[in-house]
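Data first, discussion second: the structure below is written as structure tokens.
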Amino acid sequence: MKLLLASQSPRRKELLSSLGFKFEVVKIDCEEILPENIKIEDAAAYLSDLKAEAFRSLEANEVLLTADTVVAIDHQILGKPKDEADAFKMLQSLSGRTHQVYTGITIKTANKSFTETDVADVTLDQLTDEEINYYIQNYKPFDKAGSYGIQEWLGMAKIRSLTGSFYTIMGLPTHLVYKILKETALI
């Protein structure tokens, strides 16, 4: 089987490679718009499935992997920041609090599709305005849901605790990907 990763994320590429899988990166053009009344816990899986459905028809020997990560706090989804001010506001809202990170994955073949979501709780220490500005200026988190990457300075210096998979927070629940691909003999 030929594994196709539909993600431009360097983190997802690194994680899938570290799992020992050989794959080809493919691009999907898909407008990621959530339905108005979707439950937060369903959003990441919805977007992952939406991407998989937007891809061309798969050949019999192909397996497609899509993923999406959603950060939520106070019953509100924090997407990717539009600019520095948006990133600052998001990080201020996470400061000293616990939030949830949901990553949904879809693994699809020509005749089957599996979609699952994993969730992790992340508690940050208090962030000063100076720390937030330092992080934004030095790490440019504009491609990250919630305006941060756990593998970067903010994750190393300011995460007090987490419950769940580190890799789910990083953007790919590797344990689910491995389990589905191996148990279903897709790879």
*Can you tell me how much longer the chain between K13 and K140 gets when fully stretched, taken as 0.36 nm per residue apart minus their C-alpha distance, in nm with one decimal?*
43.8 nm
*Just from its helices, what would the mean residue ellipticity at 222 nm be for the chain, if runs of 4 or more DSSP H residues each count -39500 (n - 2.57) and the sum is divided by every residue, rounded to the nearest 500 deg cm²/dmol?*
-10500 deg cm²/dmol
*GNM top mover of I105, I132, I38 - the chain, alpha-carbon springs below 10 Å*: I38
*Starting at the first residue of region 52-57, write each ³J(HN,Hα) from the Karplus equation 6.51 cos²θ - 1.76 cosθ + 1.60 with θ = phi - 60°, in whole Hz, x for Gly and Pro.*
4, 5, 7, 6, 4, 4
*Accessible area per residue, 1.4 Å probe, Å², for region 65-186: what's the number?*
46 Å²
*Positive end of the charge dipole of the chain (Lys, Arg +1 and Asp, Glu -1 on Cβ, about the Cα centre): tell me which of G20, A72, S57 has its Cα farthest that way.*
G20
*Would you work out what percent of the accessible area of the chain, with all protein chains in place, is carbon or sulfur (probe 1.4 Å)?*
47 percent
*So who's got an amide H within less than 5 Å of the one on V25, skipping anything under 5 residues away but keeping other chains? H placed 1.01 Å off N, in plane.*
L5
*Stick to the Cα atoms of region 1-114, pair each with every other, and give me the Kirkwood hydrodynamic radius in Å at one decimal.*
15.5 Å
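Going by average Cβ density within 10 Å per residue, which order do the peptides 18-28, 163-173 take, highest to lowest?
For the peptides 18-28, 163-173, the packing ranking is 163-173, 18-28.
The values are calculated or read from the model by the stated rules, or taken from the named source; none is laboratory data. Everything quoted here is computed from the prediction, not taken from an experiment. Virtual Cβ from ideal backbone geometry, glycine too; neighbours counted across all protein chains shown. Surface areas here come from the heavy atoms of the whole protein model, side chains and all, with no ligands, DNA or RNA. Shrake-Rupley method; radii C 1.70, N 1.55, O 1.52, S 1.80 Å.
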